[in-house]
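Asks: Sharing a structure here in structure tokens format.
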Amino acid sequence: MIRQLSIFNYALIDRVELELSEGLTILTGETGAGKSVMMGAISLLMGERADSKVLANREGKAVIEGVFDSVSPSIRDIFEANDLDWNDGQIIVRREISSNGRSRAFINDTPVTLPLLSEVAGGLVDIHSQNSNRLLSKPEYQLSIIDSIADNADLIADYKKDFSRFVLLRNRIKKLRDAIDRSRESRELRVFQLEQLSKINPKMGELEEVEKEFDILSDADDLRTRINQAAFLLSAGDSSALSMIGDAGAVIDGIDFTLFQAPGDTAQSGLMERLRNVYIELKDIGDTLSRIASGIESDPVRLAKADARMKELYEAVKRFKVADYEALVALYSSLRDECGVGTERTGELNALESEARKLGEVLKEKAEKISLTRESAARKFEEILTSDARPLGLKNLRFNVRLTKGKLTPDGKDTVEFLCSFNRNQPLMPLAQTASGGEMARLTLCIKAITANKLKLPTVIFDEIDTGVSGDIADRMGSMMADIAAGMQVFAITHLPQVAVKGRSHLLVFKNDEGDRTVSHVKALDSEERIREIARMLSGKQINEAALTNARALLEG
């Protein structure tokens with residue numbers, strides 16, 4: 001419920017600070033006094049768009065703040081999901097509008113977006129004005145009424161969870177089907193390319209090996225001759241490098257080279273060891289060259305094969321229009337994977353479709369269960385609404401809830417249409433086509449009375465819902481609002497004294513000329529002030545003793 005409401009620098013209001021109570025609170029005042037301004041301020045707390053034109057003083061900013069408590073715990077989920085402070089269920093909502101038209105919203109001093117503010121405020125206050133009567137004609141609103149009567153929130157929540165999963169499945173199936181279709185469109189080309197590449201069967205690193213083999217085989221005789229010649233010069237014959245190094249070693253063997261070295265110089269002491277190492281290294285080089293030469297053979301057949309394979313791979317790179325041989329191998333690999341995936345994708349699609357069919361059957365069963373609860377609730381609602389509405393001057397009312405089953409939707413498989421007749425000779429017709437404004441208002445009030453506690457709204461505001469009625473019917477409507485207020489906070493903006501006397505508390509909205517400005521004020525009335533306001537509503541500005549006596553009688557009654 002709204003515990004405190006503060007309005008600063010908004011339209012005709014300089015500053016209003018109200019402490020609000022439980023039960024039914026009446027707001028009255030002459031036409032143009034500022035009641036609509038109050039509603040506009042509260043609407044801003046509900047997430048409505050703001051306009052800088054509402055600033056009373058363009059030099060400052062408008063601030064509207066509401067303090068709510070006894071909040072439904074269900075709102076806590078929204079707070080936790082959006083990292084908002086819970087504060088034991090007390091919620092402070094604030095809107096600020098600057099002169100440049102910029103608007104800011106806060107919940108418990110944390111900046112929030114307007115969509116989030118609307119989501120939170122939707123669980124705090126329900127505002128019903130004359131314009132809201134149009135809601136009653138909307139099928140989705142009618143369905144929500146039946147669901148509240150059916151008390152099947154848990155069933156619907158469970159159904160919606162499965163339906164969301166079903167939608168995701170259908171989306172995945174569609175995307176997979178599209179992918180398979182696209183794959184099929186180009187499959188012939190890809191299969192042809194794969195067949196051609198399969199014949200070539202390129203392997204990573206193969207071209208480099210073939211090129212190396214071709215280079216060796218195409219120059220085999222020359223390579224073998226030159227390598228053998230090098231091996232001969234190193235190790236064969238009397239004039240080979242090895243022979244000369246051996247002779248040099250024999251000549252200097254036995255010489256003490258330490259005699260020739262300077263102090264600290266050790267280079268000469270290892271000359272013989274160094275010659276022996278050179279001899280060993282050269283001998284190893286010669287042996288290696290000989291082995292290489294012996295392995296080189298002229299093979300025209302292998303040369304022709306290497307040449308043909310090399311040309312085949314070069315041609316494939318050009319034909320498949322890839323950057324290089326590595327890209328050709330990569331293309332071959334991807335085509336094998338891609339063409340092989342077709343079967344895998346088909347298998348995945350079949351599995352998903354099977355899962356969707358099973359889930360669809362589960363949804364149909366759950367939707368049917370929800371339909372049964374709605375059918376029962378609809379008949380109950382028809383009876384209660386007719387009984388409650390007839391005393392409000394709708395004595396000939398006939399009311400029927402038409403439930404039509406169709407395809408599965410997020411709300412089940414039912415569409416709802418309220419049919420009614422207000423006259424004996426009138427057939428049942430859709431509500432929007434047959435109800436006048438006053439009839440719609442009375443029906444709406446009855447529906448609020450039936451559903452208020454089930455919807456668990458802490459606060460309901462009726463903005464002149466009693467327009468177009470008077471006398472005994474107005475009295476009955478006021479009593480109905482008071483009954484609703486027994487379980488929640490209710491505000492009623494009214495011009496009817498029969499309704500005004502039903503309130504537990506009474507706020508008067510009035511305006512005064514102050515200097516060059518007209519300013520609206522809101523005042524909580526005491527018992528005597530309330531008598532005078534009721535008398536004004538009965539007789540106009542000229543309040544006489546008869547009006548005061550009548551006002552006292554109404555209040556005492």
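The values are calculated or read from the model by the stated rules, or taken from the named source; none is laboratory data. All values reported here derive from a predicted model rather than from experimental measurement. Note: ideal-geometry Cβ built from the backbone for every residue, glycine included; neighbour counts use all protein chains shown. Surface accessibility is based on the protein's heavy atoms, side chains included, excluding ligands, DNA and RNA. Shrake-Rupley method; radii C 1.70, N 1.55, O 1.52, S 1.80 Å.
Asks: Quick one: if the Förster radius is 60 Å, what FRET efficiency do residue 432 and residue 321 give, using the C-beta to C-beta distance and rounding to 0.05?
Replies: Given R0 = 60 Å and the Cβ-Cβ separation, E is 0.35.
Asks: Moving to a separate point now. What order, most packed first, do the peptides 424-437, 37-50 have when packing is the mean number of other Cβ atoms within 10 Å of each residue?
Replies: 37-50, 424-437
Asks: Keeping the other protein chains in place, figure out the carbon and sulfur percent of the accessible area of region 331-490, with a 1.4 Å probe.
Replies: 49 percent
Asks: Defining a contact as two alpha carbons under 8 Å apart and six or more residues distant in sequence, what relative contact order in percent does region 161-318 show?
Replies: Once divided by the residue count of region 161-318, the mean separation gives 34 percent.
Asks: OK, next. When only DSSP loop residues count, what trypsin sites (Lys or Arg not before Pro) in region 177-265 have their Cβ near at most 14 other Cβ atoms within 10 Å?
Replies: Qualifying residues, ordered by number: 203.
Asks: Tell me, what is the per residue accessible area of region 44-145 in Å², probe radius 1.4 Å?
Replies: For region 44-145, the per-residue accessible area is 52 Å².
Asks: List the residues of region 271-287 whose backbone N lies under 20 Å from a point placed 7 Å from the Cα of residue 251 along the Cα-to-Cβ direction.
Replies: What the label zone holds, given the 20 Å backbone N cut-off, is 271-280, 282-283.
Asks: State the label only: which of [x] 1.44; [y] 0.98; [z] 1.09 corresponds to Rg/Rh (Cα atoms, Kirkwood Rh) computed from the shown model?
Replies: Read-out from the structure maps to [x].
Asks: Using a 10 Å cut-off on Cβ atoms, rank the peptides 460-467, 314-321 from the highest mean neighbour count down.
Replies: Going by the mean number of other Cβ atoms within 10 Å, highest first, we get 460-467, 314-321.
Asks: Please list the radius of gyration and Dmax for region 342-423, considering alpha-carbon atoms only, with Å as the unit.
Replies: Taking only Cα atoms of region 342-423, I get Rg and Dmax of 20.7, 71 Å.
Asks: Quick one: compute the contact order of region 1-77, relative version, from alpha carbon pairs under 8 angstrom and 6+ residues apart, as a percent.
Replies: 46 percent
Asks: Show the residues, 5+ positions off or on another chain, whose built amide H is closer than 5 Å to the amide H of residue 11.
Replies: 55, 56
Asks: State in Å² the accessible area per residue of region 179-218; use a 1.4 Å probe, count heavy atoms of protein chains only, and round to the nearest integer.
Replies: So region 179-218 comes to 69 Å² accessible per residue, rounded to a whole number.
Asks: Based on the Cβ-Cβ distance from residue 274 to residue 221, what FRET efficiency comes out when R0 is 35 Å, to the nearest 0.05?
Replies: 0.40
Asks: How many percent of the accessible area of region 125-277 is carbon or sulfur, using a 1.4 Å probe?
Replies: Of all accessible area on region 125-277, carbon and sulfur atoms account for 54 percent.
Asks: To continue, here is another question. Please work out the C-alpha center-to-center distance from region 495-514 to region 396-475 and express it in whole Å.
Replies: Comparing the Cα centres of region 495-514 and region 396-475, I get a distance of 27 Å.
Asks: Starting from the Cα-Cα distance between residue 292 and residue 19, subtract it from 0.36 nm times their residue separation and give me the gain in nm to one decimal.
Replies: 87.7 nm
Asks: Considering only protein heavy atoms and a 1.4 Å probe, what is the carbon-and-sulfur percentage of the accessible area of region 1-117?
Replies: 43 percent
Asks: Keeping all protein chains in place, calculate the accessible area per residue for region 311-426 (probe 1.4 angstrom), answer in Å².
Replies: About 57 Å² of surface per residue is accessible.
Asks: How far is it, in nm, from the label point at residue 204 to the one at residue 409 when both lie 7 Å from their Cα along the line to the Cβ?
Replies: 5.6 nm
Asks: Still on this structure: Alpha carbon centre of region 272-312 versus region 522-539: separation in Å?
Replies: 120 Å
Asks: Okay, moving on. For residue 102 and residue 78, what is the calculated FRET efficiency with R₀ set at 30 Å and r taken between the beta-carbons, to the nearest 0.05?
Replies: Taking R0 as 30 Å, the efficiency between residue 102 and residue 78 is 0.75.
Asks: Between region 49-112 and region 22-45, how many Å separate their Cα centres?
Replies: 19 Å
Asks: Something else about it: Could you work out the relative contact order of region 247-331, using alpha carbon pairs under 8 angstrom and six or more residues apart, expressed as a whole percent?
Replies: Across region 247-331, relative contact order equals 13 percent.
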